[in-house]
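> What follows is a structure written as structure tokens; I'll ask about it next.
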Amino acid sequence: MKLLTIIGARPQFIKASVVSKAIAEIGGLAETIVHTGQHFDDNMSDIFFDQLGIPRPDFLLNIHGGSHGAMTGRMLSEVERVMLAEKPDRVLVYGDTNSTLAGALAAAKLNIPVAHIEAGLRSFNMRMPEEINRILTDQVSDLLFCPTQAAVENLSQEGFLGKPVKILNVGDVMQDSALFFSQRERAPEGIDVPNGFILATLHRAENTDDPARLKSIVVALNKLQSTVAPVVLPLHPRTREAISRCGLPLNVSVIKPVGYLEMIWLLQRCNLVLTDSGGVQKEAFFFGKYCVTMRDQTEWIELIQAGVNVLVGADENNIVTAATKHYGKQVEDQRQLYGGGQAAERIAQYLQ
Ligand code: UDP
């Protein structure tokens, strides 16, 4: 069977690294990879192909920037062109980015079946571009690979059980990646990482594109740096631009985005994770760290229910209070919330 995989953003490279490997190993499946170019900086794209052994993309579309509609439209037209030429038996998409939606929609309109990895996640916040992308992608997919039971239940609430589609709880491919690459962790080069640090990431549009939320978060990070512990912040390019546009003074250890192996090194050594990322919330759990999440909702509600993650939104006081309270806490929860690390293998088996 001929598979066409569409990826384009950092978390998709990390997820695809384990799935593409499982696809190559199982036999009977030929994979063609399309990189839309949504993330294109060396440290947001190339480094992951180099570090994680992902096959080089067969097609690099170089589409990035512009508004959501313009970017998704250009991707739709270009990926359709690739699909018409390649004639795949199935298209594989990951997560919730514009690349995901463009790939799924182009395939569906050509009557090519779509498999969605990370199906069924919901934040129930339709103002998030990711929520729109994931809901629409699920609607046109016939193989829905869910990472959690909560995701299966979301689809069931939306009436998917009565549709001619297959819903499978395979576990989360990000646990596979965390387990596989944790043996290969690597210290970030040329950076003096302070002891006892808090690892922070910040890039969600709801925080970066709202000056009041962004300011409140920056003030909280500065306060934590001066009162609790040094904050190490691998800064996403979008956030760097937004902070500079708003002229906000940021007095923490800002570093460039790091590769995944360096990220694992940081996750293993930090004393707390402070993030608005989806993936990093789970990685905190995988590496035994408490997570303070700077969002109003999360798709990973099992972490909240397990008491290892707390939602604090963008409120300065809530961020500082929660981070101070949970700083240094080890998470020793042994529950297998994410399938135990065999998700990629299960996906390859179903595809086969
Ligand atoms: N990540 C990374 N380097 C960084 C920051 C994050 O490798 O400097 C990894 C992180 O460990 C996780 C993934 O990128 O595996 C998460 O991506 P991101 O936060 O951009 O997206 P989200 O998960 O929110 O969709």
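> Rounded to the nearest whole Å², what accessible area per residue is found for region 1-150 with the 1.4 Å probe?
With the other protein chains kept in place, region 1-150 gives 37 Å² per residue.
> Counting Lys +1, Arg +1, Asp -1, Glu -1, what net charge surrounds ASP210 among other residues with beta carbon under 15 Å of its beta carbon? Walk me through the numbers before you get to the answer.
Numbers: positive: ARG127, ARG204, ARG213, LYS215, ARG238, ARG245, ARG295; negative: GLU206, ASP209, GLU241, ASP276, ASP296, ASP315, GLU316.
Residues near ASP210 contribute 0 overall.
> I would also like to ask the following. Can you give me the solvent accessible area of HIS64 with a 1.4 Å probe, rounded to the nearest 10 Å²?
Rounded to the nearest 10, that gives 60 Å².
> Going from most exposed to least, what order do ASP41, ASP89 have by accessible area with a 1.4 Å probe? Don't jump to the answer; show the numbers that get you there.
Working: ASP41 50, ASP89 80 Å².
From most exposed to least exposed: ASP89, ASP41.
> Could you work out the local net charge near ASP176, counting Lys and Arg as +1, Asp and Glu as -1, over the other residues with Cβ closer than 11 Å to its Cβ? Mind dumping the intermediate values first?
Numbers: positive: LYS15, LYS21, ARG346; negative: ASP172, GLU345.
Local net charge: +1.
> I would also like to ask the following. For ILE132 and GLU241, calculate 0.36 nm times their separation in residues minus their Cα-Cα distance, and state this gained length in nm to one decimal.
Length difference between fully extended and current span is 36.8 nm.
> For the chain, set up a GNM with springs between Cα atoms under 10 Å and report which of PRO147, PRO211, PRO11 has the largest fluctuation.
Looking only at PRO147, PRO211, PRO11, the biggest GNM fluctuation is shown by PRO211.
> Longest span of the chain, sites excluded, free of trypsin sites (Lys or Arg not before Pro) in DSSP loop with at most 11 other C-beta atoms within 10 Å? Please list the in-between numbers first.
Details: sites that count: ARG127, ARG335.
With trypsin sites (Lys or Arg not before Pro) excluded where exposed in loops, the chain gives 128-334 as its longest stretch.
> Please report, largest first and rounded to whole Å, the three semi-axes of the ellipsoid equivalent to the chain, where each semi-axis is the square root of five times an eigenvalue of the C-alpha gyration tensor. Please list the in-between numbers first.
Working: eigenvalues 211, 90, 79 Å².
Here the semi-axes work out to 32, 21, 20 Å.
> Also, quick follow-up: Can you give the accessible area of GLU86, probe radius 1.4 Å, in Å² rounded to 10?
About 50 Å², ignoring ligands and nucleic acids.
> Considering only protein heavy atoms, what per residue accessible area in square angstrom results for region 232-339 with a 1.4 angstrom probe?
Numbers: 4210 Å² over 108 residues.
Ligands and nucleic acids excluded, the figure is 39 Å² per residue.
> In nm², what is the average projected area of the convex hull enclosing the Cα atoms of region 1-130?
Numbers: hull surface 31.3 nm².
Its average projected convex-hull area is 7.8 nm².
> Efficiency by 1/(1 + (r/R0)^6): what FRET value for GLN349 and ALA187, r their Cβ-Cβ distance, R0 = 41 Å, to the nearest 0.05?
Working: r = 36 Å, r/R0 = 0.88.
Here the calculated transfer efficiency is 0.70.
The values are calculated or read from the model by the stated rules, or taken from the named source; none is laboratory data. This structure is a prediction, so every number in the text was calculated from the model and none was measured. Cβ coordinates were reconstructed from backbone atoms using ideal geometry, including for glycine residues, and neighbour counts include every protein chain displayed. Side chains are part of the model used for accessible areas, which takes the heavy atoms of the whole protein and leaves out ligands, DNA and RNA. Shrake-Rupley method; radii C 1.70, N 1.55, O 1.52, S 1.80 Å.
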